[in-house]
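Peer 1: Right, I'll just put the structure down here and ask away after.
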Amino acid sequence: MECELSTSHYEAAESRLHIQYTFVRDGKQETREISQQVYTAAEVRRLLDQAGLGTLALYGSLDQQPYLMGSPHLLLVAKKAVTSDK
């Protein structure tokens, strides 16, 4: 029998999600932990802007549905910003 259990804790001050996975297989239990940084769409756009990339579009799915609160994914299309060297 195979089983997977997980617990998570969100650290709001650090915008970090900590997840602990416990896998049970053939009577043996193994636990692994991961830590994941969480960014808002606005934060990602600011980071791209600081890197010289302009945001062209935000999508919530591969079929280009609008990115909305609760969208399962964020697909962001960006392009290198045009600068005038005068």
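Peer 1: Does L48 qualify as being closer than 22 Å to L75 by Cα and touching a residue at least 24 places away in the same chain (Cβ under 8 Å)? Step through it out loud before you land on a result.
Peer 2: Values: closer than 22 Å to L75 by Cα: yes; touching a residue at least 24 places away in the same chain (Cβ under 8 Å): yes.
Yes: the conditions hold for L48.
Peer 1: Being in a strand (DSSP E or B), under 19 Å from the mean Cα position of the chain (by Cα) and farther than 21 Å from Y10 by Cβ is true for just one of L48, L76. Which residue is that? Steps first, please.
Peer 2: Working: L48 fails: in a strand (DSSP E or B).
Unique residue meeting the criteria: L76.
Peer 1: Checking E43 against (1) modelled with pLDDT of 95 or more; (2) surrounded by 11 or more Cβ atoms within 10 Å (Cβ to Cβ); (3) in contact with a Ser or Thr (Cβ under 7 Å, 6 or more places away or on another chain), which single condition isn't satisfied?
Peer 2: (3)
Peer 1: Follow-up. Does segment 60-67 contain any residue that is surrounded by 11 or more Cβ atoms within 10 Å (Cβ to Cβ) and either over 16 Å from the mean Cα position of the chain (by Cα) or of a type in the set (A, V, I, L, M) (or both)?
Peer 2: Kept after step one, since they are surrounded by 11 or more Cβ atoms within 10 Å (Cβ to Cβ), are these residues of segment 60-67: 60-61, 64-65, 67.
So of that shortlist, the ones also either over 16 Å from the mean Cα position of the chain (by Cα) or of a type in the set (A, V, I, L, M) (or both) come out as 64-65.
Within segment 60-67 (the criterion being surrounded by 11 or more Cβ atoms within 10 Å (Cβ to Cβ) and either over 16 Å from the mean Cα position of the chain (by Cα) or of a type in the set (A, V, I, L, M) (or both)), the answer is yes, since at least one residue qualifies.
Peer 1: Take S61 and tell me if it is hydroxyl-bearing (S, T, Y), outside any strand (DSSP E or B), touching a residue at least 12 places away in the same chain (Cβ under 8 Å) and more than 20 Å from K79 (Cβ to Cβ).
Peer 2: On the way: hydroxyl-bearing (S, T, Y): yes; outside any strand (DSSP E or B): yes; touching a residue at least 12 places away in the same chain (Cβ under 8 Å): yes; more than 20 Å from K79 (Cβ to Cβ): yes.
Spelling it out, S61 is indeed hydroxyl-bearing (S, T, Y), outside any strand (DSSP E or B), touching a residue at least 12 places away in the same chain (Cβ under 8 Å) and more than 20 Å from K79 (Cβ to Cβ).
The values are calculated or read from the model by the stated rules, or taken from the named source; none is laboratory data. Not measured: the values here are computed from a predicted model. Neighbour counts run over all protein chains shown; Cβ positions are idealised from the backbone, glycine included.
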